[in-house]
Amino acid sequence: MKIKKVLVTGGLGYIGSHTIVELVNKGYEPIIIDNLSNASIKVLDVLEQMLKIKIPFYQIDCTDSCEVNKVFDEHKIDAVIHFAALKAVGESIQKPAEYYYNNLVSTLTILKAVQAHGVKNFIFSSSATVYGNPIHVPCLESDPIVNATNPYGQTKIINERILTDYSNIHKDTNIALLRYANPIGAHSSGKLGENPNGIPNNLMPYVSQVAVGKRDKLTVFGNDYPTKDGTCIRDYIHVSDLALGHVLTLEKFETDPGLVIYNLGTGEGTSVLDLVNAYQKATGIKINYTFGPRRDGDIPTNYLDVTKAKNELGFKCKYSIEDCCKTAYEFQIKHPNGY
Ligand code: UFG
(Lines give C-alpha, C1' and ligand atoms only; values in the text may rest on other atoms or scores of the structure.)
Protein backbone atom coordinates (compact mmCIF):
# COMPACT_ATOMS: atom_id res chain seq x y z
CA MET A 1 0.00 0.00 0.00
CA LYS A 2 1.34 3.42 -0.90
CA ILE A 3 1.59 5.77 2.07
CA LYS A 4 0.06 9.15 1.33
CA LYS A 5 -1.55 10.84 4.34
CA VAL A 6 0.80 11.27 7.27
CA LEU A 7 -0.32 12.53 10.68
CA VAL A 8 2.50 14.54 12.25
CA THR A 9 2.14 15.25 15.96
CA GLY A 10 4.23 18.18 17.12
CA GLY A 11 4.36 19.21 13.47
CA LEU A 12 4.92 22.91 14.20
CA GLY A 13 7.92 22.26 16.44
CA TYR A 14 11.57 22.41 15.46
CA ILE A 15 12.07 18.93 14.00
CA GLY A 16 8.40 18.55 13.09
CA SER A 17 8.27 21.65 10.90
CA HIS A 18 11.42 20.71 8.98
CA THR A 19 9.97 17.24 8.47
CA ILE A 20 6.75 18.70 7.03
CA VAL A 21 8.86 20.41 4.33
CA GLU A 22 10.61 17.17 3.36
CA LEU A 23 7.33 15.22 3.40
CA VAL A 24 5.56 17.67 1.10
CA ASN A 25 8.58 17.83 -1.22
CA LYS A 26 8.30 14.06 -1.62
CA GLY A 27 4.56 14.18 -2.35
CA TYR A 28 3.18 13.13 1.04
CA GLU A 29 0.09 14.86 2.48
CA PRO A 30 0.71 15.83 6.10
CA ILE A 31 -1.91 16.57 8.73
CA ILE A 32 -0.61 18.39 11.78
CA ILE A 33 -1.55 18.11 15.45
CA ASP A 34 0.19 20.49 17.86
CA ASN A 35 -0.90 21.91 21.21
CA LEU A 36 1.40 24.93 20.67
CA SER A 37 2.96 24.47 24.12
CA ASN A 38 6.41 24.95 22.59
CA ALA A 39 5.65 26.07 19.05
CA SER A 40 4.20 29.11 17.32
CA ILE A 41 1.09 29.09 15.13
CA LYS A 42 3.07 31.37 12.81
CA VAL A 43 5.05 28.31 11.72
CA LEU A 44 1.90 27.06 9.99
CA ASP A 45 1.76 30.24 7.86
CA VAL A 46 5.47 29.93 7.07
CA LEU A 47 5.02 26.32 5.97
CA GLU A 48 1.92 27.05 3.89
CA GLN A 49 3.66 29.97 2.15
CA MET A 50 6.86 28.04 1.54
CA LEU A 51 5.09 24.94 0.26
CA LYS A 52 2.17 26.72 -1.43
CA ILE A 53 -0.42 24.35 0.02
CA LYS A 54 -3.00 24.29 2.79
CA ILE A 55 -2.11 21.90 5.60
CA PRO A 56 -4.89 20.53 7.82
CA PHE A 57 -4.03 21.66 11.36
CA TYR A 58 -5.55 20.78 14.74
CA GLN A 59 -4.58 22.61 17.92
CA ILE A 60 -5.14 19.73 20.28
CA ASP A 61 -3.24 17.88 22.94
CA CYS A 62 -2.15 14.33 22.13
CA THR A 63 -3.30 13.19 25.56
CA ASP A 64 -6.90 14.15 24.62
CA SER A 65 -8.26 10.85 23.35
CA CYS A 66 -11.59 12.27 22.17
CA GLU A 67 -10.02 15.03 20.03
CA VAL A 68 -7.27 12.74 18.73
CA ASN A 69 -9.82 10.16 17.57
CA LYS A 70 -11.82 12.83 15.74
CA VAL A 71 -8.75 13.58 13.60
CA PHE A 72 -8.35 9.88 12.78
CA ASP A 73 -12.08 9.76 11.91
CA GLU A 74 -11.80 12.75 9.58
CA HIS A 75 -8.77 11.61 7.60
CA LYS A 76 -7.77 8.28 6.14
CA ILE A 77 -4.37 8.31 7.82
CA ASP A 78 -1.73 5.94 6.40
CA ALA A 79 1.13 6.74 8.78
CA VAL A 80 1.88 8.61 11.99
CA ILE A 81 5.06 10.45 12.92
CA HIS A 82 4.90 11.14 16.64
CA PHE A 83 7.15 14.05 17.60
CA ALA A 84 4.95 15.72 20.21
CA ALA A 85 6.67 15.55 23.60
CA LEU A 86 8.17 17.61 26.37
CA LYS A 87 11.91 17.66 25.77
CA ALA A 88 13.88 19.76 28.25
CA VAL A 89 16.21 17.48 30.17
CA GLY A 90 16.73 19.79 33.17
CA GLU A 91 13.02 20.59 33.47
CA SER A 92 12.21 16.88 33.43
CA ILE A 93 14.20 16.42 36.65
CA GLN A 94 12.15 19.22 38.28
CA LYS A 95 8.79 18.02 36.91
CA PRO A 96 8.86 14.22 36.64
CA ALA A 97 5.07 13.79 36.95
CA GLU A 98 4.41 16.21 34.06
CA TYR A 99 7.05 14.55 31.89
CA TYR A 100 5.95 10.98 32.50
CA TYR A 101 2.28 11.90 32.13
CA ASN A 102 2.63 13.92 28.95
CA ASN A 103 5.19 11.81 27.13
CA LEU A 104 3.68 8.44 27.97
CA VAL A 105 -0.05 9.23 27.85
CA SER A 106 0.34 11.01 24.50
CA THR A 107 2.05 8.00 22.92
CA LEU A 108 -0.53 5.62 24.39
CA THR A 109 -3.42 7.80 23.20
CA ILE A 110 -2.02 8.02 19.67
CA LEU A 111 -1.21 4.29 19.66
CA LYS A 112 -4.74 3.34 20.72
CA ALA A 113 -6.14 5.54 17.94
CA VAL A 114 -3.69 3.90 15.51
CA GLN A 115 -4.94 0.48 16.59
CA ALA A 116 -8.63 1.45 16.49
CA HIS A 117 -8.30 2.95 13.00
CA GLY A 118 -6.14 0.20 11.52
CA VAL A 119 -3.13 2.43 10.80
CA LYS A 120 -0.12 0.27 9.93
CA ASN A 121 2.82 2.68 10.01
CA PHE A 122 4.22 4.50 13.04
CA ILE A 123 7.46 6.47 13.48
CA PHE A 124 8.55 7.38 16.99
CA SER A 125 10.95 10.21 17.84
CA SER A 126 13.44 8.60 20.13
CA SER A 127 16.81 9.87 21.19
CA ALA A 128 20.46 9.03 21.66
CA THR A 129 19.67 9.65 25.30
CA VAL A 130 18.37 6.04 25.53
CA TYR A 131 22.00 4.87 25.52
CA GLY A 132 22.56 6.66 28.86
CA ASN A 133 26.27 6.89 29.56
CA PRO A 134 27.29 4.63 26.67
CA ILE A 135 29.47 1.59 27.21
CA HIS A 136 31.28 2.48 23.98
CA VAL A 137 31.05 5.02 21.19
CA PRO A 138 29.84 5.24 18.55
CA CYS A 139 26.59 3.77 19.95
CA LEU A 140 25.03 0.91 18.04
CA GLU A 141 21.34 0.11 17.80
CA SER A 142 22.10 -3.29 19.34
CA ASP A 143 23.68 -1.76 22.46
CA PRO A 144 21.87 -2.42 25.73
CA ILE A 145 19.30 0.14 26.83
CA VAL A 146 19.50 0.27 30.59
CA ASN A 147 18.68 3.60 32.23
CA ALA A 148 18.70 7.20 31.07
CA THR A 149 20.17 9.90 33.29
CA ASN A 150 16.89 11.86 33.60
CA PRO A 151 13.06 11.44 33.44
CA TYR A 152 12.92 12.81 29.88
CA GLY A 153 15.27 10.05 28.73
CA GLN A 154 13.33 7.48 30.74
CA THR A 155 10.15 8.43 28.87
CA LYS A 156 11.94 7.69 25.59
CA ILE A 157 13.02 4.28 26.89
CA ILE A 158 9.55 3.39 28.19
CA ASN A 159 7.92 4.55 24.94
CA GLU A 160 10.33 2.36 22.98
CA ARG A 161 9.31 -0.56 25.22
CA ILE A 162 5.58 0.11 24.70
CA LEU A 163 6.01 0.23 20.92
CA THR A 164 8.16 -2.89 20.89
CA ASP A 165 5.50 -4.79 22.85
CA TYR A 166 2.83 -3.50 20.47
CA SER A 167 4.90 -4.65 17.51
CA ASN A 168 5.32 -8.13 19.02
CA ILE A 169 1.60 -8.74 18.72
CA HIS A 170 0.74 -6.51 15.74
CA LYS A 171 3.12 -8.05 13.23
CA ASP A 172 1.44 -6.28 10.33
CA THR A 173 2.31 -2.84 11.73
CA ASN A 174 5.55 -1.13 10.77
CA ILE A 175 7.13 0.72 13.69
CA ALA A 176 10.35 2.73 13.58
CA LEU A 177 12.20 3.85 16.68
CA LEU A 178 14.44 6.65 15.40
CA ARG A 179 17.19 7.54 17.85
CA TYR A 180 18.26 11.08 17.11
CA ALA A 181 21.60 12.70 17.65
CA ASN A 182 21.54 16.42 18.54
CA PRO A 183 19.62 18.32 15.85
CA ILE A 184 20.97 21.79 15.05
CA GLY A 185 20.86 24.34 12.23
CA ALA A 186 17.92 25.72 10.30
CA HIS A 187 16.19 25.40 6.96
CA SER A 188 18.36 26.70 4.08
CA SER A 189 15.67 29.31 3.23
CA GLY A 190 16.21 30.97 6.63
CA LYS A 191 12.45 30.76 7.18
CA LEU A 192 12.36 27.88 9.68
CA GLY A 193 14.61 27.21 12.62
CA GLU A 194 14.91 26.60 16.32
CA ASN A 195 12.98 29.11 18.39
CA PRO A 196 13.27 28.29 22.10
CA ASN A 197 11.21 30.13 24.71
CA GLY A 198 13.34 32.16 27.14
CA ILE A 199 16.96 31.27 27.85
CA PRO A 200 18.01 28.45 25.52
CA ASN A 201 18.86 25.17 27.23
CA ASN A 202 20.65 23.77 24.21
CA LEU A 203 24.07 24.72 22.94
CA MET A 204 23.38 25.86 19.38
CA PRO A 205 20.56 28.34 20.00
CA TYR A 206 22.58 29.77 22.87
CA VAL A 207 25.62 30.26 20.63
CA SER A 208 23.42 31.92 17.98
CA GLN A 209 22.05 34.36 20.55
CA VAL A 210 25.60 35.23 21.60
CA ALA A 211 26.50 35.72 17.92
CA VAL A 212 23.79 38.36 17.43
CA GLY A 213 24.50 40.10 20.75
CA LYS A 214 21.35 38.93 22.52
CA ARG A 215 23.47 37.22 25.19
CA ASP A 216 26.92 38.31 26.44
CA LYS A 217 28.72 35.04 26.40
CA LEU A 218 28.35 31.32 26.35
CA THR A 219 29.13 29.33 29.47
CA VAL A 220 30.78 26.07 28.48
CA PHE A 221 29.61 23.56 31.07
CA GLY A 222 32.79 21.79 32.18
CA ASN A 223 36.28 21.60 30.69
CA ASP A 224 37.59 18.69 32.72
CA TYR A 225 35.84 15.81 30.95
CA PRO A 226 37.95 12.90 29.70
CA THR A 227 37.79 14.16 26.09
CA LYS A 228 40.40 15.66 23.73
CA ASP A 229 39.79 19.26 24.89
CA GLY A 230 37.96 18.59 28.17
CA THR A 231 34.50 19.57 26.82
CA CYS A 232 31.63 17.16 26.10
CA ILE A 233 31.36 15.42 22.77
CA ARG A 234 28.06 15.02 20.89
CA ASP A 235 26.88 14.12 17.42
CA TYR A 236 25.33 17.24 15.85
CA ILE A 237 23.11 16.65 12.83
CA HIS A 238 21.47 19.25 10.60
CA VAL A 239 17.73 19.28 11.26
CA SER A 240 16.90 18.94 7.54
CA ASP A 241 19.12 15.85 7.26
CA LEU A 242 17.32 14.44 10.29
CA ALA A 243 13.95 15.34 8.74
CA LEU A 244 14.83 13.48 5.55
CA GLY A 245 15.53 10.39 7.66
CA HIS A 246 11.77 10.24 8.36
CA VAL A 247 10.90 10.29 4.68
CA LEU A 248 13.40 7.49 4.04
CA THR A 249 11.80 5.53 6.88
CA LEU A 250 8.35 5.90 5.29
CA GLU A 251 9.85 4.60 2.03
CA LYS A 252 11.28 1.65 3.98
CA PHE A 253 7.79 0.98 5.38
CA GLU A 254 6.63 0.20 1.83
CA THR A 255 8.65 -3.05 2.19
CA ASP A 256 6.77 -3.99 5.40
CA PRO A 257 9.80 -4.34 7.66
CA GLY A 258 7.87 -4.60 10.97
CA LEU A 259 9.84 -3.11 13.87
CA VAL A 260 12.99 -1.22 12.89
CA ILE A 261 15.43 0.81 14.97
CA TYR A 262 17.79 3.38 13.45
CA ASN A 263 20.30 5.82 14.81
CA LEU A 264 20.10 9.09 12.91
CA GLY A 265 23.21 11.20 13.28
CA THR A 266 26.42 12.00 11.43
CA GLY A 267 28.58 9.35 13.07
CA GLU A 268 31.05 12.12 14.06
CA GLY A 269 31.82 13.33 17.56
CA THR A 270 32.12 17.12 17.99
CA SER A 271 33.18 18.81 21.22
CA VAL A 272 31.60 22.00 22.54
CA LEU A 273 34.77 23.90 21.61
CA ASP A 274 34.79 22.32 18.12
CA LEU A 275 31.27 23.62 17.63
CA VAL A 276 32.17 27.10 18.85
CA ASN A 277 35.16 27.15 16.47
CA ALA A 278 33.04 25.91 13.55
CA TYR A 279 30.50 28.66 14.27
CA GLN A 280 33.22 31.31 14.26
CA LYS A 281 34.66 29.94 11.02
CA ALA A 282 31.27 29.73 9.29
CA THR A 283 30.06 33.19 10.28
CA GLY A 284 33.23 35.21 10.94
CA ILE A 285 31.79 36.22 14.31
CA LYS A 286 33.68 35.82 17.56
CA ILE A 287 31.78 33.83 20.17
CA ASN A 288 32.72 34.92 23.68
CA TYR A 289 32.73 32.14 26.19
CA THR A 290 33.89 31.21 29.66
CA PHE A 291 34.19 27.86 31.34
CA GLY A 292 31.71 27.05 34.08
CA PRO A 293 31.02 23.99 36.22
CA ARG A 294 29.69 20.77 34.74
CA ARG A 295 25.93 20.60 34.16
CA ASP A 296 24.12 17.90 36.16
CA GLY A 297 23.28 14.83 34.13
CA ASP A 298 25.65 15.56 31.22
CA ILE A 299 27.66 12.61 29.97
CA PRO A 300 31.15 13.11 28.52
CA THR A 301 30.72 11.54 25.12
CA ASN A 302 27.85 10.37 22.95
CA TYR A 303 27.83 9.89 19.19
CA LEU A 304 26.09 7.42 16.97
CA ASP A 305 27.05 4.67 14.58
CA VAL A 306 24.84 5.32 11.56
CA THR A 307 25.93 2.43 9.35
CA LYS A 308 22.57 0.68 9.67
CA ALA A 309 20.58 3.72 8.52
CA LYS A 310 23.05 4.21 5.65
CA ASN A 311 22.79 0.61 4.50
CA GLU A 312 19.09 0.03 5.01
CA LEU A 313 17.60 3.48 4.33
CA GLY A 314 20.22 5.10 2.10
CA PHE A 315 20.52 7.76 4.83
CA LYS A 316 23.30 10.28 4.22
CA CYS A 317 23.96 13.71 5.70
CA LYS A 318 24.25 16.57 3.23
CA TYR A 319 25.14 19.39 5.62
CA SER A 320 28.56 19.91 7.27
CA ILE A 321 28.93 21.28 10.76
CA GLU A 322 29.80 24.70 9.24
CA ASP A 323 26.59 24.56 7.15
CA CYS A 324 24.69 23.86 10.37
CA CYS A 325 26.24 26.92 12.02
CA LYS A 326 25.69 29.16 9.00
CA THR A 327 22.00 28.25 8.66
CA ALA A 328 21.43 28.62 12.42
CA TYR A 329 22.99 32.08 12.27
CA GLU A 330 20.93 33.12 9.24
CA PHE A 331 17.71 32.09 10.97
CA GLN A 332 18.71 33.95 14.13
CA ILE A 333 19.51 37.13 12.18
CA LYS A 334 16.16 36.99 10.37
CA HIS A 335 14.20 36.21 13.54
CA PRO A 336 15.83 38.19 16.36
CA ASN A 337 12.70 37.86 18.50
CA GLY A 338 11.45 34.51 17.29
CA TYR A 339 8.74 33.96 14.70
N1 UFG B 1 26.34 23.21 26.69
C2 UFG B 1 27.15 24.23 27.15
N3 UFG B 1 26.59 25.44 27.39
C4 UFG B 1 25.27 25.69 27.14
C5 UFG B 1 24.44 24.65 26.66
C6 UFG B 1 25.02 23.42 26.45
O7 UFG B 1 28.34 24.04 27.37
O8 UFG B 1 24.80 26.84 27.37
C9 UFG B 1 26.95 21.90 26.44
C10 UFG B 1 26.33 20.80 27.27
O11 UFG B 1 26.92 20.75 28.53
C12 UFG B 1 26.61 19.58 26.42
C13 UFG B 1 26.55 20.13 24.99
O14 UFG B 1 26.69 21.53 25.10
O15 UFG B 1 27.91 19.15 26.67
C16 UFG B 1 25.25 19.82 24.30
O17 UFG B 1 24.19 20.23 25.14
P18 UFG B 1 22.68 20.37 24.64
O19 UFG B 1 21.88 20.83 25.78
O20 UFG B 1 22.63 21.18 23.38
O21 UFG B 1 22.30 18.88 24.21
P22 UFG B 1 22.32 17.52 25.07
O23 UFG B 1 23.35 16.66 24.46
O24 UFG B 1 22.41 17.75 26.51
O25 UFG B 1 20.86 16.98 24.84
C26 UFG B 1 20.30 16.98 23.57
C27 UFG B 1 18.80 17.18 23.67
C28 UFG B 1 18.14 15.99 24.24
C29 UFG B 1 18.57 14.73 23.55
C30 UFG B 1 20.06 14.61 23.54
C31 UFG B 1 20.50 13.41 22.74
O32 UFG B 1 18.50 18.32 24.45
O33 UFG B 1 16.76 16.14 24.04
O34 UFG B 1 20.60 15.77 22.93
O35 UFG B 1 21.86 13.22 22.83
F36 UFG B 1 18.07 13.65 24.17
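The values are calculated or read from the model by the stated rules, or taken from the named source; none is laboratory data. Keep in mind the model is a prediction, meaning the values are calculated, not measured. Glycine also receives a Cβ, built like all others from the backbone with ideal geometry; neighbour counts cover every protein chain displayed. SASA here: full protein model, heavy atoms, side chains in, ligands and nucleic acids out. Shrake-Rupley method; radii C 1.70, N 1.55, O 1.52, S 1.80 Å.
Per q in 0.08, 0.12, 0.13 Å⁻¹, report the Debye log10 I(q)/I(0) for the chain, using one uniform scatterer on each alpha carbon and no solvent.
Calculated log10 I(q)/I(0) at the listed q: -0.35, -0.82, -0.98.
Note down the relative contact order for the chain as a percent, whole number, built from C-alpha pairs under 8 angstrom at least six residues apart. Numbers along the way, then the final one.
On the way: 673 pairs, mean separation 66.3, N = 339.
After rounding, I find 20 percent.
Per residue, what accessible area does the chain have, given a 1.4 Å probe and all protein chains present, in Å²? Don't skip to the end; give the middle numbers.
Details: 14550 Å² over 339 residues.
In whole numbers, the chain has 43 Å² accessible per residue.
Using modelled backbone amide H atoms (1.01 Å from N, in-plane), which distant-in-sequence or interchain residues come within less than 5 Å of Tyr180's amide H?
Residues meeting the criterion, in which the H sits 1.01 Å from N, are Ser126, Ser127, Ala128, Leu264.
Counting only protein chains, not ligands or nucleic acids, how are Ile93, Ile15, Ile287 ordered by accessible area (probe 1.4 Å), most first? Could the numbers behind the result be given before it?
Working: Ile93 80, Ile15 30, Ile287 0 Å².
Largest accessible area first, the residues go Ile93, Ile15, Ile287.
Nearest 10 degrees, 0 to 90: what angle lies between the long axis of helix 96-116 and the longest principal axis of the chain (Cα atoms)?
Computed tilt is about 30 degrees.
Tell me the label-point distance for the pair Ala116, Thr307, using the 7 Å Cα-to-Cβ offset, in nm and rounded to one decimal.
Between Ala116 and Thr307, the label points sit 4.4 nm apart.
Which of rounded, prolate, oblate describes the stretch 6-97, given a ≥ b ≥ c as roots of the alpha-carbon gyration tensor eigenvalues and a/c under 1.5 marking rounded, otherwise prolate only if a/b is larger than b/c? All intermediate terms of the calculation are to be shown ahead of the outcome.
Working: a/c = 2.05, a/b = 1.38, b/c = 1.48.
It comes out oblate by the Cα gyration axes.
When Lys and Arg each count +1 and Asp and Glu each count -1, what net charge do the other residues less than 14 Å away from Phe72, Cβ to Cβ, add up to?
On the way: positive: Lys5, Lys70, Lys76, Lys112, Lys120; negative: Asp64, Glu67, Asp73, Glu74, Asp78.
The answer is 0.
So how much accessible area does Lys120 have, in Å² to the nearest 10, using a 1.4 Å probe?
Estimated to the nearest 10 Å², Lys120 gives 80 Å².
Rg/Rh for the stretch 279-339: what does it come to with C-alpha atoms and Rh from Kirkwood?
Working: Rg = 16.4 Å, Rh = 15.2 Å.
Across the stretch 279-339, the Cα-based Rg/Rh ratio is 1.08.
For a quick check of understanding: with a 1.4 angstrom probe and all protein chains in place, what accessible area in square angstrom does Phe221 have, to the nearest ten?
Per-residue accessible area (Phe221): approximately 90 Å².
So what are the ³J(HN,Hα) numbers for the stretch 180-193, from phi and the Karplus equation (6.51, -1.76, 1.60; θ = phi - 60°), rounded to whole Hz, Gly and Pro as x?
Per residue, the Karplus-derived 3J(HN,Hα) values read 7, 6, 7, x, 9, x, 8, 4, 4, 6, x, 8, 10, x Hz.
Based on the mean of other beta carbon atoms within 10 Å per residue, what is the order of 171-184, 314-327, 39-52, most packed first?
Details: 171-184: 22.1, 314-327: 19.3, 39-52: 16.0.
Peptide ranking by packing, descending: 171-184, 314-327, 39-52.
Taking square-rooted eigenvalues a ≥ b ≥ c of the alpha carbon gyration tensor, is the stretch 76-234 rounded, prolate or oblate, where a/c under 1.5 means rounded and, failing that, a/b exceeding b/c means prolate?
prolate
Looking at the chain only, what percent of DSSP beta bridges run antiparallel? Nearest 5 please.
Numbers: 2 of 39 bridges.
Approximately 5 percent, going by the DSSP bridge assignments.
So what is the calculated 222 nm ellipticity per residue for the chain, using -39500 (n - 2.57) for each DSSP H run with n of 4 or more, over all residues, to the nearest 500 deg cm²/dmol? The partial results should precede the final answer.
Working: 11 runs with 135 residues, N = 339.
It lands at -12500 deg cm²/dmol.
Going from most exposed to least, what order do Glu98, Glu330 have by accessible area with a 1.4 Å probe?
Numbers: Glu98 95, Glu330 65 Å².
The most accessible residue leads, giving Glu98, Glu330.
Can you give the relative contact order of the stretch 28-122 as a percent, counting alpha carbon pairs under 8 Å and 6+ residues apart?
Numbers: 85 pairs, mean separation 30.0, N = 95.
After rounding, I find 32 percent.
Give me the percent of accessible area attributable to carbon and sulfur for the chain, probe 1.4 angstrom. Can you show the working numbers first?
Details: 7380 of 14550 Å².
Using a 1.4 Å probe with all protein chains present, the chain comes out at 51 percent carbon and sulfur.
Apply the Debye scattering formula to the stretch 38-168, with a single equal point scatterer on each alpha-carbon and no solvent, then give log10 I(q)/I(0) at q = 0.09, 0.16, 0.18, 0.23 Å⁻¹.
-0.32, -0.94, -1.10, -1.37
For the stretch 157-189 and the stretch 264-299, what is the separation of their C-alpha centers, rounded to whole Å?
When both Cα centres are located, 27 Å separates them.
Could you state the angle between the C-alpha long axis of helix 321-334 and the longest principal axis of the C-alpha atoms of the chain, as a value from 0 to 90 degrees rounded to the nearest 10?
So the inclination is approximately 90 degrees.
Taking a ≥ b ≥ c as the square roots of the Cα gyration tensor eigenvalues, with a/c under 1.5 meaning rounded and otherwise prolate when a/b beats b/c, else oblate, which class fits the stretch 184-267?
Numbers: a/c = 3.33, a/b = 1.60, b/c = 2.08.
Because a/c hits 1.5 or more and a/b fails to exceed b/c, the stretch 184-267 counts as oblate.
Provide the solvent-accessible area of Ser37, counting protein heavy atoms only and rolling a 1.4 Å probe, rounded to the nearest 10 Å².
70
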